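Participant: Before I ask anything, here is the structure I am working with.
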Amino acid sequence: MSKGKYYITTAIAYASGKPHIGNTYEAVLADSIARFKRKDGYEVFFQTGTDEHGQKIELKAAEAGVSPREYVDQVSAQIRRIWDLMGTSYDKFIRTTDPDHERQVQKIFRKLYEQGDIYKGAYEGLYCTPCESFWTQSQLKDGKCPDCGREVKPAKEEAYFFRMSKYAQRLIDHINSHPEFIQPVSRRNEMMNNFLLPGLQDLCVSRTSFQWGIPVDFDDKHVVYVWLDALTNYITGIGYDADGCGSEQYRKLWPADLHLIGKDIIRFHTIYWPIFLMALGEPLPKQVFGHPWLLQGDGKMSKSKGDVIYADDLVDFFGVDAVRYFVLHEMPFENDGVISWDLMVERLNADLANTLGNLVNRTVSMSNKYFGGVVADKGVTEAVDADLKELVTGAYDRIAQKMETLRVADAISEIFALFKRCNKYIDETEPWLLAKDPQKADRLSTVLYNLVESIVIGASLLEPFMPGTAASIAAQMQTELRSFEECTKFGLYPSGGRVTQKPEILFARLDRNEVTQKVEAMFAARRAAVGQTAEPEETSGQAEEVPDMEAKPEISYEDFDRLQFQVGEIISCEEVPKSRKLLCSQVKIGNQVKQIVSGIKQHYSAQEMVGKKVMVLVNLKPAKLAGVLSEGMLLCAEDAQGNLALVTPEKDMPAGAEIC
């Protein structure tokens with residue numbers, strides 16, 4: 001029986017170039033959620049695609065010596081190829097150059113204009129071409145675009161504007177009454193405190209300084225602002241019609257259950273998009289999740305250095321499912337994740353080759369060695385069996401709870417906890433010793449049956465995240481993958497069934513040095529192709545300055561043990577009056593709240609502090625700073641230039657968790 005519809009979307013990828021692994025992560029994340037929901041009984045519609053208009057693309061095409069249409073055709077095809085390579089099971093791949101989408105955007109623009117939400121004026125401001133956004137001087141960060149950090153240029157042109165303030169209070173009320181609408185909570189706080197509550201300015205929704213866009217059909221000097229064009233894909237792709245005669249599919253699927261986007265475009269999806277929908281008289285999406293970024297471990301990915309990590313490069317080295325596992329498992333719920341070639345090798349060897357691959361190989365090999373591949377439950381049980389069965393049959397409920405809150409990394413950890421328990425079960429039962437005693441043959445058979453059954457359940461739970469690996473495990477057990485409901489029952493593998501005679505290696509261990517050499521050769525070839533040497537790029541004529549601290553005296557473990565470090569959650573924060581450096585935070589630590597004053601005002605605003613998980617020195621003697629009591633210390637890292645960054649837990653941890 002169907003649990004109902006589930007409409008999930010990714011942000012459509014901007015067709016300005018080949019997507020790196022950080023871009024690809026979003027497609028894999030959305031796919032894992034879509035696959036899980038399908039297997040869980042929902043009628044899923046998963047939409048992704050490409051955003052293909054705008055000044056940046058017009059300039060890129062000119063640099064390449066081709067028309068904008070030729071350029072986006074090539075890039076969109078490349079993006080779709082990578083999405084397909086990674087196994088994304090989308091139901092629709094939309095392009096904003098699709099004729100039906102372009103027609104609807106024109107109709108939407110006209111409708112909003114005729115009802116008075118859009119008006120004609122002129123714009124003078126600072127424009128960021130990569131972000132397709134205008135900014136005022138006060139909105140800039142260090143004189144640059146607050147979104148991407150790039151240079152902005154003065155621009156003045158005739159434009160159409162959308163009356164954002166008309167709907168601002170209605171949106172504020174919606175966010176307050178629907179706390180699940182923007183996730184994680186820190187993103188919601190950022191949108192409310194930094195944008196909505198200070199007041200919205202009217203939004204420029206057309207351009208005249210370039211041509212590569214959807215024309216405004218009643219004023220052909222103008223093309224539609226790229227974000228109004230791009231955001232509407234979520235409804236045009238499923239049959240929305242601005243004339244009010246939308247398709248049956250649209251009526252079934254809208255509102256979207258989940259917009260999955262990067263945290264850098266949260267403002268467009270939680271302020272602009274809902275207001276556009278309000279003006280159109282359409283329901284708002286149920287949830288917008290701004291996921292964190294996947295960053296390169298040894299620095300920001302740089303195309304100019306030739307060291308960008310692409311999904312297809314990783315697949316060539318590790319295989320599709322290993323890459324899927326890494327990007328899904330290594331991304332914290334709220335904080336940025338890190339990827340590097342060394343980390344990939346480490347995870348493949350430890351988690352995939354050892355924990356999972358070795359478990360399957362040993363179980364199949366022992367079944368063949370001791371019973372000719374026959375797997376039979378002889379009913380000879382011991383107390384340790386019950387513990388295994390309880391963990392295995394309870395895994396689905398634990399995973400489903402994690403997935404309900406989009407904690408995908410934690411869900412995968414639950415699955416691998418099952419496989420680790422199976423490995424422990426082998427150590428506890430010692431099948432190789434049971435095999436030496438003919439009187440214990442039935443016990444040995446029962447042990448191997450329990451292992452096969454547990455592995456099949458684990459593989460069935462793994463299917464949404466690593467579909468190829470799950471299918472391979474089922475093939476080696478010569479059975480079918482289970483439904484989630486069947487995963488809660490133990491003993492469905494037919495007693496007397498057979499495993500394959502020749503176990504296959506799921507994941508072969510890799511030598512880190514060999515991988516490093518191959519990667520360096522690949523990057524050297526890539527740099528040579530663009531006429532560069534292997535020397536690192538310098539940003540300001542000097543090598544990066546490395547912090548150099550004077551060593552402090554050694555301490556004993558007893559000295560260290562006197563310090564109490566815990567995870568804290570900042571629930572409120574305000575500036576300390578008459579201080580240029582201090583912020584006063586209320587920090588929840590377990591069941592208590594401590595007031596902590598920190599000299600980080602030049603690096604963090606009070607608003608962006610709220611919702612952060614931080615590391616706290618809890619038992620520091622209270623002191624007054626600028627007349628305000630401080631009851632602890634927030635831990636920060638400092639570089640050679642004096643820039644500060646709060647130290648945060650790598651994975652989501654509860655407020656009060658001990659740091660040891």
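Participant: Please work out which one of (1) under 29 Å from the mean Cα position of the chain (by Cα); (2) crowded, with 17+ Cβ neighbours inside 10 Å; (3) modelled with pLDDT of 95 or more is the condition Q74 fails and give its number.
Facilitator: Among (1) under 29 Å from the mean Cα position of the chain (by Cα); (2) crowded, with 17+ Cβ neighbours inside 10 Å; (3) modelled with pLDDT of 95 or more, Q74 violates only (2).
Participant: Touching a helix residue (DSSP H, G or I) at 6+ places or on another chain (Cβ under 7 Å) and either on the phi > 0 side of the Ramachandran plot or surrounded by fewer than 22 Cβ atoms within 10 Å (Cβ to Cβ) (or both), is that true of D243?
Facilitator: For D243, the condition - touching a helix residue (DSSP H, G or I) at 6+ places or on another chain (Cβ under 7 Å) and either on the phi > 0 side of the Ramachandran plot or surrounded by fewer than 22 Cβ atoms within 10 Å (Cβ to Cβ) (or both) - is met.
Participant: Looking only at region 279-310, how many residues end up being modelled with pLDDT of 95 or more, under 18 Å from the mean Cα position of the chain (by Cα) and among the aliphatic types (A, V, I, L, M)?
Facilitator: Total meeting the criteria: 1.
Participant: Filtering region 616-654 down to residues that are closer than 18 Å to G337 by Cβ and out of contact with any helix residue (DSSP H, G or I) (no Cβ under 8 Å at 6 or more places or on another chain), which residue is modelled with the lowest pLDDT?
Facilitator: E650
Participant: Assuming G49 fulfils every condition listed in (1) surrounded by fewer than 20 Cβ atoms within 10 Å (Cβ to Cβ); (2) in contact (Cβ under 8 Å) with a residue 12 or more places away in the chain apart from one, which condition is it?
Facilitator: Only one criterion is unmet by G49, namely (1).
Participant: Also, quick follow-up: Could you list, in sequence order, all residues of region 229-264 that are modelled with pLDDT under 95, in contact with a strand residue (DSSP E or B) (Cβ under 9 Å, 6 or more places away or on another chain) and not small (G, A, S)?
Facilitator: K263, D264
Participant: I'd like the full set of residues that are farther than 13 Å from W135 by Cα and either part of a strand (DSSP E or B) or touching a helix residue (DSSP H, G or I) at 6+ places or on another chain (Cβ under 6 Å) (or both), limited to region 196-208.
Facilitator: L196, V205, S206, R207
Participant: Also, quick follow-up: What number goes with the only condition from (1) in contact with a Gly (Cβ under 6 Å, 6 or more places away or on another chain); (2) at pLDDT below 95 that K518 does not pass?
Facilitator: (1)
Participant: Just give me the residues in region 252-276 being under 26 Å from L29 (Cα atoms), out of contact with any Lys or Arg (no Cβ under 7 Å at 6 or more places or on another chain) and in a helix (DSSP H, G or I), in sequence order.
Facilitator: D264, I265, R267, F268, H269, T270, I271, Y272, W273, P274
The values are calculated or read from the model by the stated rules, or taken from the named source; none is laboratory data. Keep in mind it's a predicted model, so treat the numbers as computed, not measured. In this analysis, Cβ positions are derived from the backbone assuming ideal geometry, glycine residues included, and neighbour counts consider all displayed protein chains.
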